[in-house]
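As structure tokens, the structure follows; a few thoughts come after it.
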Amino acid sequence: MIVTKQRLKYAGIIVLFALIAIQFFHPQKNLSNDLTNDISKKFAGPDSVQQILKTSCYDCHSNHTEYPWYSKIQPVDWWLTDHINEAKRGLNFNEFSRYRVAKQYKRFKDINEEIEQGDMPLSSYTLIHRYAILSESQKALVKQWANAMRDTLKANYPADSLVLPKKPGAK
């Protein structure tokens, strides 16, 4: 099949029409203000830690996202929504108090590991949101707090309640 200028022009028009058409289809925004089950309700910490979490984590790991201007453009909005939903499946600070004790215990460990490994906040997020980059002292503060919260759980719950059950078929 020979690609002609006429076919390229026709394909370009179709792509342009599709890009315009998808601008009218946007997923529901992540904009809840319900803090009933927020981590801060059960695991109080210094205001500095709460501020770090809100600045560097909550856009993806909560039920309320502060959307940038480019979220109004498709397919970027779909990509952001998918990213936020995936992040919330792993850890949602606004739902933290609903988690089983074992999951809370594990998530505090995960917070430490993600910070220690430099995996959070994501570099794709901090590329645009420079204010979300954690300093070494901020990392240390969050890790110290997460460790203290794990110690609190350890002190208040039996050891077997802090272990997540293995998934069927897992080794």
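The values are calculated or read from the model by the stated rules, or taken from the named source; none is laboratory data. Bear in mind the structure is a predicted one, so any value in this text is a computation, not a measurement. Here Cβ is always computed from backbone atoms with ideal geometry, including for glycine, and neighbour counts include all displayed protein chains. Quick note on the areas: whole protein, heavy atoms, side chains included, nothing else; ligands and nucleic acids left out. Shrake-Rupley method; radii C 1.70, N 1.55, O 1.52, S 1.80 Å.
Things worth noting here:
- Multiplying the residue separation of residue 126 and residue 54 by 0.36 nm and subtracting their alpha-carbon distance yields 24.5 nm.
- Residue 47 sits with roughly 130 Å² accessible to a 1.4 Å probe, with DNA, RNA and ligands left out of the calculation.
- Three-way shape call for the chain based on the alpha-carbon gyration tensor, with the a/c threshold at 1.5: prolate
- Net charge, residue 67 excluded, C-beta distance under 10 Å - Lys, Arg +1, Asp, Glu -1: -1
- Electrostatic bookkeeping for residue 118 treats Lys and Arg as +1 and Asp and Glu as -1; over the other residues with beta carbon under 13 Å from its beta carbon, the sum is -3.
- Portion, in percent, of the accessible area of the stretch 1-53 that falls on carbon or sulfur, probe 1.4 Å: 67
- Cα-based shape type of the stretch 80-156, given that a ≥ b ≥ c are square roots of the gyration tensor eigenvalues and the cut on a/c is 1.5: oblate
- Probing with 1.4 Å while keeping every protein chain in the model, the per residue accessible area of the stretch 41-171 equals 60 Å².
- Whichever lysines have a C-alpha closer than 26 Å to that of residue 5, once near sequence neighbours (fewer than 8 apart) are set aside: none
- Net lengthening on full extension, residue 28/residue 155 (0.36 nm per residue, minus Cα-Cα): 41.6 nm
- Helical content alone sets the calculated 222 nm signal of the chain at -16000 deg cm²/dmol, taking -39,500 (n - 2.57) per DSSP H segment of four or more residues and averaging over every residue.
- Accessible area, probe 1.4 Å, largest first, for residues 36, 65: 36, 65
- Straight-distance crosslink candidates among lysines, where the alpha carbon sits under 28 Å from residue 166 and sequence neighbours closer than 8 are dropped: 42, 88, 103, 106, 109, 143, 154
- Residue order by solvent-accessible surface for 145, 79, 69 is 69, 79, 145, largest first, with ligands and nucleic acids left out and a 1.4 Å probe.
- Accessible-area composition of the stretch 76-171, carbon plus sulfur, in percent [1.4 Å probe]: 55
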